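Worksheet for the structure shown next.
The numbers here are math on the coordinates, done by the rules we state, and not lab data. As the structure is a computational prediction, the values presented were derived from the model and not from experiment. Backbone-built Cβ (ideal geometry, glycine too); neighbour counts: all protein chains shown.
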Amino acid sequence: MPTDLAEPVQPVGLAAAFARRGIHYGWAVAAVTFLTMLVTAGAVGAPGVLILPLQKEFGWATSEISSALAVRLLLFGLMAPFAAAFMNRFGVRPVALVALSLIAASIIGSFFMTQLWQLVVLWGFVLGFGTGLTAMVLGATVATRWFVQRRGLVVGLLTASTATGQLVFLPLLAALTEQVGWRAAMTFVLGMIALAAVGILALMRDRPADVGLAPFGATQIVPAPAQAASLGAMLASPIVALRDAAKTSTFWILFGTFFVCGASTNGLVQTHFVALCGDYGMAAVTAASVLAVIGIFDFLGTVGSGWLSDRYDSRWLLFWYYGLRGLSLLFLPFTDFSFYGLSIFAIFYGLDWVATVPPTIKIAADRFGEKATLVFGWVFTGHQLGAAFAAYGAGFSRTVYDSYLPAFFIAGALCLFAAGFCIMMRGGEAKPIPATA
């Protein structure tokens with residue numbers, strides 16, 4: 001390593017101002033990342049409260065609307081490994097700004113739609129592509145680059161922002177939809193997107209070295225790695241990472257369990273919970289408030305999971321998370337959708353909503369080394385494949401069988417199977433897969 005990298009760190013610009021107050025600039029980057037992921041997640045989750053309003057305005061069936069939402073969730077996941085490559089090539093800030101622009105464009109375009117295919121294009125392809133450019137990969141990238149110490153905690157915080165954004169916004173969006181229409185609710189989301197864009201322009205920096213800093217907890221500046229020789233090589237890097245990771249059983253267990261994770265969260269509860277409660281006579285605002293409670297407990301559970309993943313075997317953490325989530329989903333149909341029953345469900349299910357992410361990222365980092373973010377991108381693709389499967393499958397169940405309950409029973413059983421597979425992974429840290437030249 002060059003000798004100048006061992007010289008005292010001299011932060012510049014805003015980083016110097018933060019340093020004078022004893023604050024590492026990485027925390028500012030983490031804060032604006034938290035806001036961005038919160039808003040992006042809110043945009044992903046917003047259509048879940050709009051199924052009934054769209055049915056009333058356009059006469060579309062639940063399965064038809066669910067097909068557009070399934071496309072959105074599928075692209076949200078398929079873009080993840082390529083989003084990591086884009087961030088490595090072009091930088092975090094440009095990619096995040098493009099993502100927010102696409103999300104805004106999909107919302108504005110939807111104000112004028114009249115046909116189902118337009119819903120599929122705008123809320124399926126454009127919204128899915130835009131949100132997929134950030135997804136959970138943004139948080140994993142920022143945590144990996146800016147933090148050596150407290151990395152698990154930061155991953156937990158940023159992961160919590162994703163589910164919190166999907167859930168906490170929903171009561172407000174449901175209330176706005178009920179009072180002034182779904183277009184006004186989506187206008188609120190546009191305002192939050194603009195706020196996040198301003199934060200990115202003001203505070204986001206690509207790497208600690210850009211502002212003359214070492215990562216938090218490190219003593220030396222880490223230079224940016226050499227870039228791929230061409231754009232084609234950059235686009236091929238996720239494929240190469242998948243090829244190498246697919247040779248390991250660890251990858252397939254992580255991929256399969258994250259498929260179940262997506263099927264039992266985003267695709268099912270986030271998308272169909274409000275409509276499910278409507279079947280039992282519960283108002284949309286009240287049902288969305290239950291989701292907000294889930295979001296609050298999710299925040300606590302995911303941050304706690306990040307803290308635990310720094311200290312305990314991630315395989316056993318995943319075993320308990322999937323197991324408890326499965327039991328809570330199997331319990332939901334027996335709550336009679338009363339205040340007491342739904343409160344119990346919200347607490348236990350909320351604590352496990354995305355608590356699976358920090359230990360999954362940690363296992364990926366332990367097993368796949370320099371390719372961890374790219375490999376996690378593919379694992380997250382499995383998550384969104386599961387979400388798309390459940391989003392459409394639950395809509396199909398409601399249309400054909402006039403009930404959502406079969407989908408919830410299936411998701412609960414899948415979680416119990418996933419819990420068993422988690423403890424089948426090898427213990428300890430495996431030798432990371434070497435980087436491909």
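Quick notes
- When Rg and the Kirkwood Rh are both derived from Cα coordinates, the Rg/Rh ratio for the chain amounts to 0.97.
- For the chain, a Gaussian network of Cα nodes joined below 10 Å ranks S161, S309, S338 by mean-square fluctuation, and the top entry is S338.
- Each 5 Å bin from 0 upward holds the following percent of the Cα-Cα pairs of the stretch 315-382: 3, 17, 20, 17, 14, 10, 8, 6, 3, 1.
- Of the residues A209, A85, A68, the one that moves most in a GNM of the chain with alpha-carbon contacts below 10 Å is A209.
- Length gained when the stretch Q118-V98 is fully extended (0.36 nm per residue, less Cα-Cα span): 5.1 nm
- Shape category assigned to the stretch 69-131 from the gyration tensor of Cα positions, a/c cut at 1.5: oblate
- Full extension of the chain between W316 and W252 yields a length gain of 21.3 nm, computed as 0.36 nm times the residue separation minus the alpha carbon distance.
- Label-point separation, V180 to D366 (7 Å along Cα→Cβ), nm: 5.0 nm
- Largest GNM mean-square fluctuation across H383, H272, H24, computed for the chain with C-alpha springs under 10 Å, falls on H24.
- Binned Cα-Cα distance frequencies in the stretch 48-161 - 5 Å width, integer %: 2, 12, 19, 19, 16, 12, 9, 6, 3, 1, 0
- Pairwise label distance in nanometres, D402 with T219, each label 7 Å out on the Cα-Cβ vector: 7.2 nm
- Relative contact order of the chain, defined on C-alpha pairs under 8 angstrom at six or more residues apart (%): 26 percent
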